1. List, please: which pairs have Cβ atoms under 6 Å, are six or more places apart or on different chains, and start with a residue in the stretch 73-100 that is closer than 16 Å to D149 by Cα and end with one that is among the aromatic types (F, W, Y)?
2. Which residues, counting only those in the stretch 347-357, are hydrophobic (A, V, I, L, M, F, W, C) and either within 36 Å of the chain's Cα centre (by Cα) or surrounded by fewer than 22 Cβ atoms within 10 Å (Cβ to Cβ) (or both)?
3. Given the criterion farther than 26 Å from I233 by Cα and either surrounded by fewer than 18 Cβ atoms within 10 Å (Cβ to Cβ) or in contact with a helix residue (DSSP H, G or I) (Cβ under 6 Å, 6 or more places away or on another chain) (or both), identify the matching residue among P331, P380, P361.
4. Only one of (1) in contact with a Pro (Cβ under 6 Å, 6 or more places away or on another chain); (2) within 30 Å of P334 (Cα to Cα) is not met by D438, so which one is it?
5. Collect the residues in the stretch 91-112 that are in a helix (DSSP H, G or I) and either of a type in the set (D, E, K, R) or at pLDDT 90 or above (or both), keeping them in residue-number order.
6. Which ones in the stretch 150-198 are in a strand (DSSP E or B) and over 21 Å from V84 (Cβ atoms)?
7. Quick check on my filter: what residues within the stretch 318-374 are among the β-branched types (V, I, T) and touching a residue at least 24 places away in the same chain (Cβ under 8 Å)?
8. Which is surrounded by fewer than 17 Cβ atoms within 10 Å (Cβ to Cβ) and in contact (Cβ under 8 Å) with a residue 40 or more places away in the chain, of E143, E124, E107, E128?
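The values are calculated or read from the model by the stated rules, or taken from the named source; none is laboratory data. All of these numbers come straight from a predicted model, not from anything done at the bench. Cβ sites come from the backbone with ideal geometry, for glycine too, and all protein chains shown count toward neighbours.
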Amino acid sequence: MNWIAISALEVALAALCACLVVLWVRGRRTQRRFHILGEVAAVSEAAGSLDETFDAICDILVPDLADFCMIDVIEDGRPRRAAVRVAADAAPGVEEGLRQRQPSLPEQITDSEVRGPVETRFIERMSEAELRKLAHDDGPDLEFLRGLDARSAITVALWARGKVTGALTLAVAWSGRRYRRSDERFIWILAGRVALALDNSGLFADLERAERARAEIAETLQHGLLPPPLPHIPGWSLAAMYRPAGAENEVGGDFYDAFRVAGGWMVVIGDVTGRGAQAASVTALARYTLRTAAVLTDDPLVALATLNRALLARSGTSLCSIAALVLSEDPEEPVRIAVAGHPPPLLVDGEEVGEVTTADPVLGAFADVEWRIAHSAVEPGRQLVLVTDGIIEAAGEGGRFGEERLRAELSGAGNPAHAVQRLERALHSFTDGALDDDAAILAVARAVESPGPFRSPALSRTGRDNG
């Protein structure tokens, strides 16, 4: 009886130990599965590129959960193999063969009309019949699948934003493992985390592509709005400078332009309210409206009135100050000047610097307003200099640059190139190279000879052409 009792106790203890081992194994497996879900969630939160996400997910799943895995994406109703990973002890050529192989997915996954749940394809024991269902032919593809020696495989759909976007396939082969129903349920849960990670990365990639496209468009538009090279105007010498505020912007609210009109040329400098994209849009409107109206009418007042109406028609408030000069081809004709809310042109005559007219109302503020035409005889040795208020209001350690400093720097400037260079150096020194507002300078004089238009050396260094 004692031996019987002892034997019964030994059997009970053995059974208990076996149960404890099973529970311990299951606990370890459950712990590991929670860890896998956590790792995939971390990949999702990282929101790296799609390629980085593919690699990270495959590293998590192989070899812990599978001997090999494939991630396929659905594009235009067709599957495309996006990622493959096999365990290190796989036979040579297996990974490349899986990568090149056309995916064989359930029809429900590739059917774009499917909106409900897609049943998981679970093959607990891989048989010859199952291999033939998966193979694309009875020849090389079937032989390749046989060579994998897969024991079990699970394919589950990846859902994102209400539609199937791909599939995850896991398989075990040379490790000797086999999937059970509990593995199928876990991999179905895992697929949701994988789909979220891929969706986050895909969305991030879409945003990245959209941002690059937006930047390319913005750069193209900016270069289209940059002041053009100054043309060669017979009988006249011109020089100009343009500096946008801020290192990231090439275009701001200041601009200058020069274009042919009947009997001569019109030269304009302007400043619009605001900064950034909004200011750039008004700058474009101002430049091309002035060009069109002036070319059609040869009248700066009509050009100003046309731009005024265009600004008033915009939603919100869009103000623009303009100083326009009409240079005649007849050297005996004085320069016609129209000023709308802009710092008046300065006449530089040796050491003397003074305004040639006063400013009329700014454009875009009032519907019933008139502007005047002033005349200035720019004889040889004299020049007209126009600046935007970004020069006058520029901030430095001594306060603002100011009109007094502006006139002092222009005093004695012998020609437009000299005037622009002196102002540019003084402005850079005063602000230590940091502008709070856009700045532009335009200088015009009768040409003693016929030099080409001046190009600001500093602008040439940055790749911009001043003319």
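1. Qualifying pairs under 6 Å: V86/F68; G97/F144.
2. Kept after step one, since they are hydrophobic (A, V, I, L, M, F, W, C), are these residues of the stretch 347-357: 347-348, 353, 356.
Once the filter is applied, which keeps residues that are hydrophobic (A, V, I, L, M, F, W, C) and either within 36 Å of the chain's Cα centre (by Cα) or surrounded by fewer than 22 Cβ atoms within 10 Å (Cβ to Cβ) (or both), the stretch 347-357 yields L347, V353, V356.
3. On the way: P331 fails: farther than 26 Å from I233 by Cα; P380 fails: farther than 26 Å from I233 by Cα.
It is P361.
4. (2)
5. V94, E95, E96, G97, L98, R99, Q100, E107
6. Correct list: W159, K163.
7. I322, V326, V335, I337, V339, V348, V353, V356, V362, V369, I373
8. Result of the check over E143, E124, E107, E128: E124.
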